[in-house]
1. With the structure loaded, tell me whether Leu166 is within 18 Å of His46 (Cβ to Cβ), outside any loop (DSSP other than H, G, I, E, B) and either within 17 Å of the chain's Cα centre (by Cα) or within 16 Å of ligand 2 (Cβ to nearest atom) (or both) or whether it fails that test.
2. Can you tell me how many residues in segment 250-296 are loosely packed, with under 13 Cβ neighbours inside 10 Å and within 16 Å of ligand 1 (Cβ to nearest atom)?
3. Quick one: what pairs do we get from segment 123-145, first residue under 11 Å from Leu52 (Cα atoms) and in contact (Cβ under 8 Å) with a residue 12 or more places away in the chain, second among the charged types (D, E, K, R) and crowded, with 16+ Cβ neighbours inside 10 Å, C-beta under 9 Å, 6+ apart or different chains?
4. Kindly state which strands (runs of 3 or more DSSP E) lie completely within segment 202-246 and contain at least 3 residues that are open to solvent by 40 Å² or more (accessible area, probe 1.4 Å).
5. Give me the pairs: first residue in segment 88-113 and within 24 Å of Thr194 (Cβ to Cβ) and at pLDDT below 95, second residue within 13 Å of ligand 1 (Cβ to nearest atom) and polar (S, T, N, Q), beta-carbon distance under 7 Å, and six or more apart or on different chains, which are they?
6. Out of segment 243-264, which residues are among the polar types (S, T, N, Q) and under 21 Å from Pro219 (Cα atoms)?
7. Of the residues in segment 132-163, how many are buried (at least 16 other Cβ atoms within 10 Å of the Cβ) and not in a helix (DSSP H, G or I)?
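The values are calculated or read from the model by the stated rules, or taken from the named source; none is laboratory data. Note that the structure is a prediction, hence the values are computed from the model and not measured. Here the Cβ positions follow ideal geometry from the backbone for every residue, glycine too, while neighbour counts run over all protein chains shown. SASA here: full protein model, heavy atoms, side chains in, ligands and nucleic acids out. Shrake-Rupley method; radii C 1.70, N 1.55, O 1.52, S 1.80 Å.
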Amino acid sequence: MVVERDQDIPSSRVPIIDLSNPDQELVARAVVKASEEWGVFQLINHGITTELIQRLHDVGRRFFELSEAEKKDVAKLDDSREGYARRYTLDLEKRIGTVDQLFHNVWPPSAVNYSYWPKNPQDYREVNEEYTRQVKMLSEKIMEWLSVGLGLRREAINEVVGGEYLLNVNYYPPCPHPDVIEGLDAHTDISGLTLLLTNEIPGLQVFKDDQWIDVEYIPFAVIVNISDQILRISNGKYKSVLHKTTVDKEKTRMSWAVLVRPTNDMVVGPFTELIGDDPPKFKSMVYKDYIYRKVRNLPFVDLDS
Ligand code: OGA
Ligand code: NI
């Protein structure tokens, strides 16, 4: 059984980790190593069924294919982070393509506002609730492995960054100029951890060793990105991967990103257990202040910058 196909050869392939391996220690080590070296990996045989993923894709695609008027039922309001909105409109000069997005919280129940969940298709809610249950189990497993990899209690990372789950569905319509246009420009995710599914159109690229690397499309694989808050709590041990997306000339690309994130008032900074010999590289910050600064491109007063 292949756990890490790229084990010994330096390669430009994002690590692929098979979760069905009975040697869970080996799996845990592969997850830790990929998070230290890449900040991104692909999980196969992760336990979320193919059928559920197909249904998730189906209800998401059917929502985005509704008329603009129908989609406006769940429109994002100015001061809300949830809802449907056009993120970018094609602009050749600025080299940006059209990207539509739907955001809504999926967990915990107290953070869920169903007025932002599509009513059409009718089974949208049932399918997304089931996917949330399953993806949350997977994300908690990953956070356990990452906590143990830092020499901490299993629950340590989840207690800081696992407070809320936000779903972000991206819809990239075909673009006549894929050579000059990007989908989402280069960024690291603000969250703790991102678990991503995509449709069959490749387009995700990650930055490693001074080059952009295509993330190979593996049907039904879950792509895991380590994001900013896990970088910070691990004092830089786990990488927050820089990534971007391309668009396709003829086909619509879609992706489903589940952002695992601290609650707004959570203070996030390097675990004190990790800063003995190593000085802290990041300043502790309330999560909502971190978001405020990052979305406005304001500098951080981190101790390493
Ligand atoms: C994102 C993101 C990647 C993709 O939503 O932050 O990076 O493949 N999406 O669409
Ligand atoms: Ni991203």
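1. Working: within 18 Å of His46 (Cβ to Cβ): no; outside any loop (DSSP other than H, G, I, E, B): yes; either within 17 Å of the chain's Cα centre (by Cα) or within 16 Å of ligand 2 (Cβ to nearest atom) (or both): yes.
Criteria not met by Leu166.
2. 1
3. Final answer for the pair search is Val127/Arg55; Glu130/Arg55; Tyr131/Arg55.
4. Working: elements: 204-208, 211-214, 222-226, 243-245.
The qualifying strands (runs of 3 or more DSSP E) are 211-214.
5. Correct list of pairs: Val99/Asn170.
6. Going residue by residue through segment 243-264, those that are among the polar types (S, T, N, Q) are 245-246, 252, 255, 263-264.
If the condition is that a residue be among the polar types (S, T, N, Q) and under 21 Å from Pro219 (Cα atoms), then Thr245, Thr246, Thr252, Ser255 are the ones that fit.
7. Looking only at that region, the number is 4.
So that you can scan it fast, the table gives a plain yes or no per residue for (1) within 13 Å of ligand 2 (Cβ to nearest atom); (2) within 26 Å of Gln134 (Cα to Cα):
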position: Pro174; (1), (2): no, no
position: Ile201; (1), (2): no, yes
position: Val206; (1), (2): yes, yes
position: Gln229; (1), (2): no, yes
position: Ser255; (1), (2): yes, yes
